[in-house]
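Taking it in order: structure first as structure tokens, then the write-up.
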Amino acid sequence: MLDKDLFSGLVRLHVLHHAGEAPVFGLALIDELRRHGYDISPGTMYPLLHGLERKGYLASRPEREDGRERRVYRITPAGRRALAEGRRKVRELFGELVAEHDEASPRTSAPRAKPRRPHP
């Protein structure tokens, strides 16, 4: 990965997406993100999950499975709202980053700096 900070928001949205489908835990998310080309370490994933929990987007509790205890995260109502807003914003930005970029004609509505006029 080129720059972890550049993609960190997308990773957080991806985590919320999966937590919205079913309860999740750190190592499974690390494996899932690896499938998409993101090499996230436990030292990055667990603080990310704790941060999403502190913000109220996830709630966790320990669960025991096959004699192992792990912390399982579920999306909260606030997390669902944040995910819905994140999806809306990603769709909007995706249009500019990818869809319009792929068009043959140059984009005419791109924001441009206003030319400065010399002072008389």
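The values are calculated or read from the model by the stated rules, or taken from the named source; none is laboratory data. Predicted, not measured: the structure shown is a model, and the values here were computed from it. Here the Cβ positions follow ideal geometry from the backbone for every residue, glycine too, while neighbour counts run over all protein chains shown.
Does ILE30 satisfy the condition of being over 21 Å from PHE94 (Cβ atoms), hydrophobic (A, V, I, L, M, F, W, C), assigned to a loop (DSSP other than H, G, I, E, B) and without any contact (Cβ under 8 Å) to a residue 60 or more places away in the chain? Spelling it out, it is not the case that ILE30 is over 21 Å from PHE94 (Cβ atoms), hydrophobic (A, V, I, L, M, F, W, C), assigned to a loop (DSSP other than H, G, I, E, B) and without any contact (Cβ under 8 Å) to a residue 60 or more places away in the chain. Considering only the stretch 1-22, I want to know if a residue exists there that is in contact with a strand residue (DSSP E or B) (Cβ under 8 Å, 6 or more places away or on another chain), in a loop (DSSP other than H, G, I, E, B) and of a type outside the set (S, T, N, Q). No; the residues of the stretch 1-22 include none that is in contact with a strand residue (DSSP E or B) (Cβ under 8 Å, 6 or more places away or on another chain), in a loop (DSSP other than H, G, I, E, B) and of a type outside the set (S, T, N, Q).
Consider TYR38 carefully, then state whether it is aromatic (Phe, Trp, Tyr) and assigned to a loop (DSSP other than H, G, I, E, B). The answer is yes for TYR38.
The set of residues in the stretch 80-94 being small (Gly, Ala, Ser) and free of Cβ contacts under 8 Å to residues at least 60 places away in the same chain consists of ALA84 alone. Filtering ALA84, ALA104, ALA59, ALA78 for residues that are modelled with pLDDT under 95 and among the hydrophobic types (A, V, I, L, M, F, W, C) leaves a single hit, ALA104. Being under 28 Å from LEU27 (Cα atoms), touching a residue at least 12 places away in the same chain (Cβ under 8 Å) and outside any helix (DSSP H, G or I) is a property that VAL72 has.
All of GLY43, GLY51 fail the test of being touching a Lys or Arg at 6+ places or on another chain (Cβ under 9 Å), outside any loop (DSSP other than H, G, I, E, B) and not aliphatic (A, V, I, L, M), apart from GLY51. Looking across the stretch 12-47, the residues that are within 16 Å of ARG70 (Cβ to Cβ), of a type in the set (A, V, I, L, M, F, W, C) and buried (at least 18 other Cβ atoms within 10 Å of the Cβ) come down to VAL15, ALA19, VAL24, LEU29, MET45.
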